[in-house]
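Contents: one structure, followed by commentary.
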Amino acid sequence: MSEKFYEYYNAVMRWLDVVGDYIYYFLCNNQYLGKTFVCDPGFIGEFKSALFTAFFMIFGIAAIFAVYLLCSFLGQLFVKLLNLIGEKLGKYVKDQSLLFNIQSILGVIRKVSFYVLLLTGVFVILGIPDTFSEFWVSAIFTGFIVSTAVFVVASFLEYILTAAIGVSSGFNSLKTVTFGDESSVVANRVASVLGVITIFFLWGLATESKLLPFSLPGPANGDYSFEYTAKNAAGETDNATVSFRISKQGDEVEKLEAPATSEGFAKDDAVMMLERRSKILKAQDNDDGGKDESYTITAINGQSIVADQVVQIDGGEVLFTKRGSFSIRPSGGMTMEALFLPPPEQVWNTYKQLRAEGYQAVSLWENVFWSLARVFMGFFLGCLFGIPLGYAMGLTGWLRGWFDPIVEFMRPVPPLALIPLVIIWFGIGEQGKVSLLFLAALWIMTIAARSGVSGVNISK
């Protein structure tokens with residue numbers, strides 16, 4: 001499937017290359033635009049690169065929107081199916097009070113199972129401490145699996161019974177105008193689940209995840225080559241081949257040797273490269289007479305070139321620099337590099353490694369404990385100072401006028417922007433970390449308390 005995608009990708013690239021040529025030469029021959037920088041021969045490669053980028057950005061946005069529409073359509077079908085089942089059930093069961101009581105019981109079961117799922121999920125994800133006995137380990141895993149199943153089944157049954165009772169929308173079903181009424185729009189749980197699944201699907205699609213049977217075209221990998229034409233001091237021309245092998249980071253690959261098929265003054269070259277990493281090649285260093293001032297490279301794959309011109313080749317592109325060197329740039333494909341966005345399975349494997357080995361001789365549980373301790377301490381201090389301050393600002397106009405400029409100035413400032421100042425003021429120790437969390441919570445709690453107090457009718 002990936003090879004088929006890559007074939008389509010190459011076909012689109014060739015089509016865009018032709019379209020870029022037509023647009024470029026149209027602009028050059030235009031009587032108004034032809035006199036501008038667009039007609040610089042070295043600009044056509046950059047122009048095509050910009051065209052490719054714009055096309056794939058539009059294509060990516062359209063693909064994401066299409067996936068969203070598909071998931072939304074499937075979600076609506078599923079919801080309609082549940083509503084249909086509920087309506088059928090409501091026609092057969094005449095005792096609405098019985099359905100209402102069962103729905104209430106299912107609601108309690110769903111909430112209890114969610115809390116059990118949350119509690120056991122913490123141990124499953126972070127790892128069960130070694131001090132726990134085998135009985136507790138089995139109990140935690142069993143509780144996690146059973147609570148997950150109970151939560152899912154209870155949620156669906158509760159939804160069906162809600163439709164059967166006929167109160168799936170409550171008083172909202174009686175409203176004729178819902179624009180601007182926040183209470184009339186309630187998040188759909190099925191849509192939320194499908195939204196999360198869509199995010200993970202796009203994540204795997206953009207990172208060549210092995211969990212999916214297909215993915216977007218990845219970066220160029222394997223053996224490629226291009227031919228260049230050189231002209232020596234005597235005015236003679238000769239062709240030579242540059243072969244380059246692209247491999248993944250960490251892979252052990254055999255070194256590529258130059259084919260040595262050229263019999264003239266231009267000699268073949270071989271380059272080893274990594275995915276998404278460019279490399280400079282000075283072809284003239286290997287050619288006979290390549291260091292003469294009159295030695296020049298005139299073409300790549302039969303296409304005449306000038307300095308700073310980009311030429312598209314199989315597996316990427318080549319920039320001919322002002323110094324007469326080749327800057328070989330492998331194609332990055334349409335996927336993200338693992339350095340910036342690793343695939344889901346790599347994240348999971350790294351997590352398992354951290355859970356087993358810890359980080360810098362400190363277990364994962366201990367790291368989580370100290371992180372949560374800092375968060376709770378910063379939040380506690382933010383509440384301790386923010387709530388009384390907001391309470392006072394909501395009751396006294398003088399205090400509100402005094403502190404309002406400070407609060408409104410600091411409220412939109414992202415906490416991450418305060419990191420340099422916090423380091424300067426408090427250092428990089430525990431005091432600086434807790435202070436940053438304190439500042440992040442202070443203004444939120446102040447505004448929340450001020451709004452709450454201002455909205456209370458004192459006469460009541």
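Consider ASP287 carefully, then state whether it is in contact with a Leu (Cβ under 9 Å, 6 or more places away or on another chain) and surrounded by 15 or more Cβ atoms within 10 Å (Cβ to Cβ).
Working: in contact with a Leu (Cβ under 9 Å, 6 or more places away or on another chain): no; surrounded by 15 or more Cβ atoms within 10 Å (Cβ to Cβ): yes.
Considered against the rule, which asks whether it is in contact with a Leu (Cβ under 9 Å, 6 or more places away or on another chain) and surrounded by 15 or more Cβ atoms within 10 Å (Cβ to Cβ), ASP287 comes out as no.
Take the residues in the range 197-231 that are within 30 Å of SER155 (Cα to Cα) and over 13 Å from the mean Cα position of the chain (by Cα), then tell me which one is surrounded by the most Cβ atoms within 10 Å (Cβ to Cβ).
If we take residues in the range 197-231 being within 30 Å of SER155 (Cα to Cα) and over 13 Å from the mean Cα position of the chain (by Cα), then LEU212 is surrounded by the most Cβ atoms within 10 Å (Cβ to Cβ).
Given the condition at pLDDT below 75, part of a loop (DSSP other than H, G, I, E, B) and either over 30 Å from LEU98 (Cβ atoms) or not acidic (Asp, Glu) (or both), answer yes or no: does some residue in the range 192-215 qualify?
No - not one qualifying residue is present in the range 192-215.
Would you mind stating whether ASP292 is in contact (Cβ under 8 Å) with a residue 24 or more places away in the chain, farther than 29 Å from PRO342 by Cα and surrounded by fewer than 19 Cβ atoms within 10 Å (Cβ to Cβ)? Show your work before the answer.
Details: in contact (Cβ under 8 Å) with a residue 24 or more places away in the chain: yes; farther than 29 Å from PRO342 by Cα: yes; surrounded by fewer than 19 Cβ atoms within 10 Å (Cβ to Cβ): yes.
Yes, satisfied.
Within the range 304-326, work out how many residues are in a strand (DSSP E or B) and surrounded by fewer than 15 Cβ atoms within 10 Å (Cβ to Cβ).
Here is the first cut: in the range 304-326, the residues in a strand (DSSP E or B) are 304, 309-313, 316-320, 326.
Applying the additional criterion that residues be surrounded by fewer than 15 Cβ atoms within 10 Å (Cβ to Cβ) yields 304.
Residues that pass the stated criteria total 1.
The values are calculated or read from the model by the stated rules, or taken from the named source; none is laboratory data. Everything numeric here is computed off the predicted structure, so don't read it as measured data. Note that we place each Cβ from the backbone using ideal geometry, even for glycine, and neighbour counts take in every protein chain shown.
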